[in-house]
1. Please state which one of A:ALA473, A:ALA393 is closer than 18 Å to A:SER325 by Cβ and either at pLDDT below 85 or of a type outside the set (Phe, Trp, Tyr) (or both).
2. So which of B:ASN369, B:ASN354, B:ASN359, B:ASN347 ends up being more than 8 Å from every other protein chain (Cβ to nearest Cβ) and out of contact with any helix residue (DSSP H, G or I) (no Cβ under 8 Å at 6 or more places or on another chain)?
3. Regarding region B:414-427, can at least one residue be identified that is at the interface with chain A (Cβ under 8 Å from one of its Cβ atoms) and farther than 17 Å from B:ALA283 by Cβ?
4. Please go through region A:326-354 and pick out each residue that is out of contact with any Gly (no Cβ under 6 Å at 6 or more places or on another chain) and among the aliphatic types (A, V, I, L, M).
5. Is it true that B:TYR344 is at pLDDT 95 or above, aromatic (Phe, Trp, Tyr) and part of a strand (DSSP E or B)?
6. Taking B:ALA439 as meeting all but one of (1) more than 24 Å from the chain's Cα centre (by Cα); (2) at pLDDT 90 or above, write down the number of the exception.
7. How many residues does region B:306-341 contain that are polar (S, T, N, Q), assigned to a strand (DSSP E or B) and either within 9 Å of chain A (Cβ to nearest Cβ) or surrounded by fewer than 21 Cβ atoms within 10 Å (Cβ to Cβ) (or both)?
8. Of the residues that sit in region A:191-228 and are β-branched (Val, Ile, Thr) and either modelled with pLDDT under 90 or in contact with a Phe, Trp or Tyr (Cβ under 6 Å, 6 or more places away or on another chain) (or both), which one is farthest from A:GLN89 (Cα to Cα)?
Amino acid sequence: MRAVNEYNEHVDILEHITSEDYQYKYGFESQIEEEVVPPGLDESIIRTISAKKGEPEWMLQWRLDAFRAWQYMKEPHWANVRYEPIDYQAISYYAAPKRAAQPRSLEEVDPELRRTFEKLGIPLHEQEILAGVAVDAVLDSVSVATTFREKLQSLGIIFCSMSEAIREYPDLVRRYLGTVVPPNDNFFAALNSAVFSDGSFCYVPPGVRCPIELSTYFRINARNTGQFERTLIIADEGAYVSYLEGCTAPMRDENQLHAAVVELIALKDAEIKYSTVQNWYPGDKEGRGGIYNFVTKRGICLGENSKISWTQVETGSAITWKYPSVILKGDNSVGEFYSVAVTNHRQQADTGTKMTHVGRNTRSRIVSKGISAGYSQNSYRGLVRVNPSAENARNFSQCDSLLIGDQCGAHTFPYIEVNNPTAIVEHEATTSKIGEDILFYCNQRGIDTETAVALIINGYAREVLSKLPMEFAVEAQKLLAISLEGSVG
Amino acid sequence: MSTVSTQSPVQSPILERIVREHRQFLDRLNGQQGKHLATLRLQAMEEFQRLGIPTVRHEEWKYTNLFPLLAKNFSLATEVDAAQMTDTVSAQFRHWGEPALVVNGMLHPPAASVVGSLRHALEMDQSFLTELGKLAPFKGDAIIAWNTAFLRDGAVIRVGDGVEYGTPIVLVSLLDGRDGNVVVHERHLLQLGRRSSLTLVLVQRSLGDGQVLLEQVLEGWVGEDSTLRLILVQDAPATNHAITTHCIELERNARLHMTTISIGGGFIRNMPVVRLAGEGADAQLYGLTIADGTMLVDHHTTVDHAVPNCTSNELYKAILDGRSTGVFNGKIVVRPHAQKTSAYQANRNIVLSNRATINTKPQLEIFANDVRCTHGCTVGRLDREALFYLRTRGLSTKEAEALLLTAFAEEITGTVPLNVLRTEINAQIEHLLGADELA
């Protein structure tokens, strides 16, 4: 009984943390008072944000243009998700550096969260960082990060925060920012362009192969980048970079709405590999709280023989709404999309990809694996478009859905538009459930149902997981099992 | 009515024209057919105005733009004296089965048949009105609302319990385009009792050089253990356009076998909506598109698994040449608790020309877990290796292509359950694909 009470208490805490009042209350109680702007959005707020960040005039104008476009845009509602209307004037658009209500030690952290950490096998001091515990351990990671930065600098790779890039490398930023996702691309991208707080900037010079997997984890100011993140990655001719976003551990976050923009640019012979493991707070079992993740991610294969590959493992967020896309402009360029999206309880995910074939001999491959359990709704929405100019374009798409339980839904909306007779486009989709006979077989051999489900899920998602960088892949496997805990039997 | 102002300026003139014609249409009827029907027409018109003509911003009409079609200024077809025509036209279809002619929307029923006219049915029995719109409600659907607003006549086909109706019924829609462009609205009702069966062929013909648009809605109930074979033949010249909505509900162990052959016409949009409402029901849908020129063919299917243990299968194929456009949107819905559902869907397309376009969107919406649903879709050109193989056997490129395309098409034509009809369609297709010139 005590355990139940304790659990409820912690659920309450989490609920409290993710609620709007919380944000409001602590926004003002923050010690660094001048860093917080009042809720609401108008031109003066954008000027304030830009001024606080010490941005040049062109950046301010860029933001203002985006804001003006946003004012005329309507929030889209075509996605297969349902949520309460968002009050955009109730959000505080600049609260990045706040450090409110941090637990002082791991003892104070939600035991549910700690149990998950243990299952994932995360070292103690990393657990503290992830749970947002205010410890000196952060200093260690600073020193680690500095070591990496020196190494990258010697190769000429620029990897820094977006604000820093705007100050230090304005030419590069001006040249590429907004070229893949224009500020007026869609409602959430426009909002992001107007108010983005920070994010990552990466430039890999010609012919350089980035020796390590770049991750926000190694960037000093990576924590608390806020709800409107902006990422720009450029791989110059012949360069290669692999970028990791997110983290397998559950992320505690105070903001409910997340509208990030990610832009990837691959020049001639360049390759970008972008992997995401997203595990934000999905809300409680009844679907209260939880994060809305409305992200615009797009890459362009600008030069010949370039390649962009998106890999994502989505287990978190109350609502996920994202379509990492590739524009295959350069001849012989390649676009890939590998995704595992898991929804449990009341989660909703509407995710997929867009492959736009423009250049000749362009190839794309889509592998999407959806798993829905509980009362969740999981949709795949994809577009494969072959323009008249795309001679010999080739696409293969596979989207499979797995249903666990009879209250969830799995939906597929693949759009295929072909305007060139030389194109070969194939699409296939299946929907099925975990067979009772398979479970029985496992039980018979002494494997309990929970483990058996994990086993089956991992086999099902293997094709995608194998695309993840090594250390990520192992954690992602465990994460899948944890996300589906209690959904069978 | 105030909603008219919210329409975009582009569609206003067309919508205004339809509203005006509706008023004239009601005036002409002068209160005939009773008050209830009049109310229904007015309500439907109100709904049509509220919804407006669907634009490409509308998800269900994303790839099919109605406006270039409606810009042809169709006027509402009027009743024509068809007494002499009936025999000559009927004669053309007699070898298929039992022809029933619908001239400009008015049914001329053959003597002694299961086919009756909707107009008479409504005059005889007002309670019949309650049947209308049960499967095709006009709320939320602009096309059905448009049809209901102009509802006047059509066929009522009733097959009683235990009747296996052997002779196929051929419903010929004859549209009179001699005095300019006309639009015709047809509303058909079909009721099959228990353990009965029927074969129904729907075909469209026109008179004169005017552009004609057939807007047809059919509501069909297939009773327990009954079988409906439905064949839609769309092989008219390019001046013929069609928007069809066929809503069919299947009871326990009922079967639907539907084949749509779209090889002629200008603008074609077919919307079969099949509801599997009784356990053990089975629906088989086949479609073939062969398009050239500026032809547009849109197959927009919905298969709704409402109860457990039903099966459905769809196979749609298209060959697109010239500047034609092919659209396929296949929606499969599996309702909560519709366990043990098996639903298959495949869409195969061959694009022959640089300017032809194919847009395809298979769509699965699944709310039950114990189901097997798959869909597959391919777009490509003719298999180079198969062509090469035939070339090495001494066939010219043209012959080889014709052979491969005919074989591709025959998978669908083979599903036509009427031998005479199948042979005729195959001959037409061979001609279209240039295969009839082969030795």
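1. Numbers: A:ALA473 fails: closer than 18 Å to A:SER325 by Cβ.
After applying the criteria, what remains is A:ALA393.
2. Details: B:ASN369 fails: more than 8 Å from every other protein chain (Cβ to nearest Cβ); B:ASN354 fails: more than 8 Å from every other protein chain (Cβ to nearest Cβ); B:ASN359 fails: more than 8 Å from every other protein chain (Cβ to nearest Cβ).
Just a single option satisfies the conditions, and that option is B:ASN347.
3. Within region B:414-427, the subset at the interface with chain A (Cβ under 8 Å from one of its Cβ atoms) is none.
No - not one qualifying residue is present in region B:414-427.
4. A:ILE327, A:VAL334, A:VAL340, A:VAL342, A:ALA349
5. Values: at pLDDT 95 or above: no; aromatic (Phe, Trp, Tyr): yes; part of a strand (DSSP E or B): yes.
No; evaluated as a whole, the condition is false for this residue.
6. If we test B:ALA439 against (1) more than 24 Å from the chain's Cα centre (by Cα); (2) at pLDDT 90 or above, just (2) comes out false.
7. So in region B:306-341, the residues polar (S, T, N, Q) come out as B:309, B:311-313, B:324-325, B:329, B:339, B:341.
From what is left, the residues that are assigned to a strand (DSSP E or B) are B:311-313, B:325, B:329, B:341.
Now narrow it down to the ones that are either within 9 Å of chain A (Cβ to nearest Cβ) or surrounded by fewer than 21 Cβ atoms within 10 Å (Cβ to Cβ) (or both): B:311, B:313.
Of the residues in that region, 2 qualify.
8. Kept after step one, since they are β-branched (Val, Ile, Thr), are these residues of region A:191-228: A:195, A:204, A:208, A:212, A:216, A:220, A:225.
Then drop every residue that is not either modelled with pLDDT under 90 or in contact with a Phe, Trp or Tyr (Cβ under 6 Å, 6 or more places away or on another chain) (or both), which leaves A:195, A:212, A:216, A:220, A:225.
Numbers: A:VAL195: 13, A:ILE212: 41, A:THR216: 29, A:ILE220: 31, A:THR225: 20 Å.
The selected residue is A:ILE212.
The values are calculated or read from the model by the stated rules, or taken from the named source; none is laboratory data. Please read these numbers as outputs of a predicted model, since none were measured by experiment. In this analysis, Cβ positions are derived from the backbone assuming ideal geometry, glycine residues included, and neighbour counts consider all displayed protein chains.
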